[in-house]
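The values are calculated or read from the model by the stated rules, or taken from the named source; none is laboratory data. In this text the structure is predicted, and so the values were computed from the model without any measurement. As a convention, Cβ positions derive from the backbone with ideal geometry for all residues, glycine included, and neighbour counts pool all protein chains shown.
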Amino acid sequence: MTMSKLLGRAAATAITLALTAGTGLSQELREITFAQPSASAINSFPVYVAIGEGYFAEEGLEVQVETVNGSGSVLQALAAGQADFGRPGPGPLLTARARGVDAVFIYNVAARANFGLMVEEDSPYQTPEDLAGKVVGTGTADGAEVGFARNVLSSAGMSPGEDYELLTVGDGGPATAAFLRDEIAAYSASVADAAVLGQRGVALRDITPAEFARFFGNGLVTMGDTIRDEPELIEKFVRAFMKGQKFAMDEANREASLDHFAAGFPQEIEDRDFASALFTAVRSKSVPLETDKGLGYLPPAVWEEWQASLIANGDLPAPLDDLNAAFTNDFVTKISAELE
């Protein structure tokens, strides 16, 4: 199956930049495919910056970005060999591993929860418990936002299908319409989703308890056989990715970062002021909670909590045989030391 067939139902974004201006490199580059779960350069900002600044080219890599519909589709692309790296959420990864998919988290991109349980600004709902008997919207049926919503609501003693309903409403315009038609009382939204709805006239308020900030979101994932067979490829990709993130985290590089987003996904930057505000929100979620561990670090204790929440919600029938096999900090630890 070709990538175009696999992604035919999604709005795919392809970027094929072999050499960027000023790199001075002339070697033949290896083509690599990165699958992202939504059509956004800002949500995958380290990749687009690393392409634009020539960091991937410096590593001998030519990266093509493909957009699919949600974390489940990212994992399908990885498992089918249609992508080398992707950016799914931890919940979908753990459920995929329970089905025998040897996908492995290698970098914590959204180090702080990049989802929130959102209600309309003037809504009477103040806590997750207030959503008992209500309908909660999600962007996709199997994305990371679904697991996050279930996690938050289960902590309030609520079970899906009994105490509340989940409804896939899409993002952007469809999600806005769902609120306006009173089809949903809340929405499990990323910071990007919330910003888009606000721009469309639906101001949202986050009612997620503060302790859920530690539940990190989407991150870099590859397959186990790639780690075993080509660890040098992982190092190259992670090195360029981390350089891209470091560059973008520097406020002095804001305008250059926005230019890179515009080159890769121009429609997202048509309103540059809005794009800049969205970038600020997304970037803030990539700041590690454990600052001494550096960028990309995956806290083992939170993996335990993610697994426990998935079991409680019925998404996992039992603990994985080896939870530690679902992630590794080996590459981020090594590359962080190199780049200090």
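Selection of first residues in region 43-66 that are touching a residue at least 40 places away in the same chain (Cβ under 8 Å) and at positive phi and of second residues that are part of a helix (DSSP H, G or I) and surrounded by fewer than 24 Cβ atoms within 10 Å (Cβ to Cβ), restricted to Cβ pairs under 8 Å at least 6 apart or on distinct chains, gives the following pairs, ordered by first then second residue: Gly60/Lys236. Looking only at residues in region 161-180 that are assigned to a loop (DSSP other than H, G, I, E, B) and either without any contact (Cβ under 8 Å) to a residue 60 or more places away in the chain or in contact with a Cys (Cβ under 9 Å, 6 or more places away or on another chain) (or both), the one that is nearest to Ala194 (Cα to Cα) is Gly172.
If the condition is being touching a residue at least 40 places away in the same chain (Cβ under 8 Å) and either assigned to a strand (DSSP E or B) or over 28 Å from Asp271 (Cβ atoms) (or both), then region 31-42 contributes Ile32, Thr33, Phe34, Ala35, Gln36.
For region 195-245, which positions are assigned to a helix (DSSP H, G or I), modelled with pLDDT of 95 or more and either of a type in the set (Ser, Thr, Tyr) or not assigned by TED's automatic domain parsing to the domain that holds Pro299 (or both)? Correct list: Thr226 only.
Scanning region 210-233 for residues that are under 15 Å from Ile335 (Cα atoms) and surrounded by 23 or more Cβ atoms within 10 Å (Cβ to Cβ) gives a single hit, Leu220. Can you name the residue in region 105-122 that is hydrophobic (A, V, I, L, M, F, W, C) and touching a Leu at 6+ places or on another chain (Cβ under 8 Å) and, of all such residues, is nearest to Asn329 (Cα to Cα)? Looking at residues that are hydrophobic (A, V, I, L, M, F, W, C) and touching a Leu at 6+ places or on another chain (Cβ under 8 Å), I get Ile106. Evaluation of Gly133 against the conditions (1) assigned to a loop (DSSP other than H, G, I, E, B); (2) of a type in the set (Gly, Ala, Ser); (3) under 30 Å from Val47 (Cβ atoms) shows that the sole unmet condition is (3). Within region 314-335, being buried (at least 19 other Cβ atoms within 10 Å of the Cβ) and not hydrophobic (A, V, I, L, M, F, W, C) holds for Asp315, Asn329.
Residues checked against (1) crowded, with 19+ Cβ neighbours inside 10 Å; (2) modelled with pLDDT under 90:
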| position | (1), (2) |
| --- | --- |
| Thr280 | no, no |
| Leu289 | no, yes |
| Lys293 | no, yes |
| Trp303 | yes, no |
| Gln307 | yes, no |
